[in-house]
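The values are calculated or read from the model by the stated rules, or taken from the named source; none is laboratory data. It should be emphasised that the depicted structure is a prediction, and the values quoted were computed from it without experimental measurement. Reconstructed Cβ throughout: ideal geometry from the backbone, glycine too, with neighbour counts over all protein chains shown. Surface areas here come from the heavy atoms of the whole protein model, side chains and all, with no ligands, DNA or RNA. Shrake-Rupley method; radii C 1.70, N 1.55, O 1.52, S 1.80 Å.
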Amino acid sequence: RGTCACLQMFSNNDEAVINKKLPKELLLRIFSFLDVVTLCRCAQVSRAWNVLALDGSNWQRIDLFDFQRDIEGRVVENISKRCGGFLRKLSLRGCQGVGDNALRTFAQNCRNIEVLNLNGCTKITDATCTSLSKFCSKLRHLDLASCTSITNLSLKALSEGCPLLEQLIISWCDQVTKDGIQALVRGCGGLKALSLKGCTQLEDEALKYIGAHCPELVTLNLQTCLQITDDGLITICRGCHKLQSLCASGCSNITDAILNALGQNCPRLRILEVARCSQLTDVGFTTLARNCHELEKMDLEECVQITDSTLIQLSIHCPRLQVLSLSHCELITDDGIRHLGNGACAHDRLEVIELDNCPLITDASLEHLKSCHSLERIELYDCQQITRAGIKRLRTHLPNIKVHAYFAPVTPPPSVGGSRQRFCRCCIIL
């Protein structure tokens with residue numbers, strides 16, 4: 001915006017003076033701070049600025065997501081020819097018109113690329129990963145989420161040609177199997193972040209390869225990998241001691257053995273998401289809390305066996321807790337929230353607590369949370385014993401908090417014509 005305003009302030013003659021007074025190196029440095037849209041506008045001011053704006057050194061980082069998503073392959077080819085070896089980071093997220101041919105040209109021209117986002121580029125196939133393997137040996141971060149034509153051949157190619165790969169996202173690439181993971185980790189042992197969300201064919205064997213070959217792993221997402229069991233995840237815990245973030249939501253076969261393994265092997269754990277893992281109990285979370293004191297975010301939605309005991313352990317041992325989801329944990333009571341509200345994380349850390357469908361929670365819980373001065377949001381959908389009055393009292397102590405709740409009518413609506421009328425519940429955001 002500042003550059004656009006500047007353009008309106010001088011005439012062509014003034015612009016010519018600026019070009020003469022300032023050396024090209026300084027002008028290029030100024031242009032390097034501009035985004036894609038502003039660079040394109042500057043390129044239309046004059047021939048001199050066109051040269052400056054389109055200089056490859058100004059196009060080291062490009063994100064087309066907020067600019068234009070319906071681009072064709074030739075646009076990517078032109079960008080690659082313009083940027084050449086200068087380009088380090090490119091996001092084509094959501095560009096569904098870009099295919100293998102364009103990305104082959106890109107790979108040939110931009111051999112210093114380090115970060116590439118192809119999330120949602122549904123036309124690409126294994127041929128793209130073959131091109132990246134052949135020409136882009138410096139690639140460190142690659143996002144292939146929802147590129148559903150990707151198979152094990154892509155992972156084999158990346159393993160052979162991209163040894164520096166640190167972050168790989170292949171969420172919803174459901175053709176990938178343990179053979180692809182085995183090939184990947186043998187050549188990319190430095191992986192720090194791996195997202196396998198929705199890779200439904202993966203079994204424990206795949207995790208055993210990761211645990212054996214990826215000691216630097218920090219982040220792992222296994223959401224909805226339904227075949228995963230304790231055996232595979234225990235191998236991860238034992239081989240990846242630097243693990244800080246684990247998502248196993250929807251992996252309904254896992255038990256407390258996983259929480260014990262995390263507690264014994266992964267003391268740096270900060271984020272744990274185990275929503276819909278209904279076999280987990282207070283026993284496992286006790287071991288976890290007593291060993292993983294750096295926990296900041298926990299998603300325990302539909303962990304239906306946990307009780308106030310888990311909250312007591314978290315309140316004592318996890319002083320850094322910021323986000324906690326307990327939705328559909330129907331055994332949680334006001335007493336558990338009382339301990340949480342008095343815990344080490346309460347005053348300065350706790351920012352979000354989700355209590356949807358916790359039927360035993362009453363206004364007393366809101367009283368216990370008044371001292372949580374950092375609390376920004378609380379979810380109370382379908383907490384039948386929470387009242388508007390209780391929420392208003394909470395807001396007198398925490399005026400900036402966002403409270404999401406809805407209330408059913410106090411008495412059932414009358415029947416009309418022999419059948420009960422349906423009424424929408426009142427949703428409020430206070």
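Some points to look at:
- Members of the stretch 132-150 that are surrounded by 22 or more Cβ atoms within 10 Å (Cβ to Cβ) and more than 20 Å from Lys192 (Cβ to Cβ): Cys147, Ile150
- Criterion violated by Thr219 - all others in (1) among the β-branched types (Val, Ile, Thr); (2) open to solvent by 40 Å² or more (accessible area, probe 1.4 Å); (3) farther than 21 Å from Leu295 by Cα satisfied: (3)
- Single unsatisfied condition, Asn253 versus (1) surrounded by fewer than 20 Cβ atoms within 10 Å (Cβ to Cβ); (2) in a helix (DSSP H, G or I): (2)
- Check on Leu153, assigned to a helix (DSSP H, G or I) and surrounded by fewer than 20 Cβ atoms within 10 Å (Cβ to Cβ): yes
- Ala183 being within 21 Å of Cys303 (Cβ to Cβ), open to solvent by 10 Å² or more (accessible area, probe 1.4 Å) and either without any contact (Cβ under 8 Å) to a residue 24 or more places away in the chain or part of a helix (DSSP H, G or I) (or both): no
- Filtered residues of the stretch 322-352 (kept if closer than 17 Å to Glu379 by Cα and in contact with a Cys (Cβ under 8 Å, 6 or more places away or on another chain)): Gln322, Leu326, Ser327, His328, Cys329, Glu330, Ile332, Gly341, Ala346, Leu350
- When the stretch 193-214 is filtered for residues that are among the basic types (Lys, Arg) and within 18 Å of Ile150 (Cβ to Cβ), only Lys197 remains.
One line per residue, one yes/no per condition, for (1) within 28 Å of Arg377 (Cα to Cα); (2) surrounded by 23 or more Cβ atoms within 10 Å (Cβ to Cβ); (3) modelled with pLDDT of 95 or more:
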{"site": "Ile234", "(1), (2), (3)": "no, no, yes"}
{"site": "Arg268", "(1), (2), (3)": "yes, no, yes"}
{"site": "Leu272", "(1), (2), (3)": "yes, yes, yes"}
{"site": "Ala289", "(1), (2), (3)": "yes, yes, yes"}
{"site": "Gln313", "(1), (2), (3)": "yes, no, yes"}
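- Lone unmet requirement of (1) open to solvent by 40 Å² or more (accessible area, probe 1.4 Å); (2) assigned to a helix (DSSP H, G or I) for Gln201: (2)
- Output for the stretch 236-250, where each listed residue is open to solvent by 30 Å² or more (accessible area, probe 1.4 Å), out of contact with any helix residue (DSSP H, G or I) (no Cβ under 9 Å at 6 or more places or on another chain) and not in a loop (DSSP other than H, G, I, E, B): none
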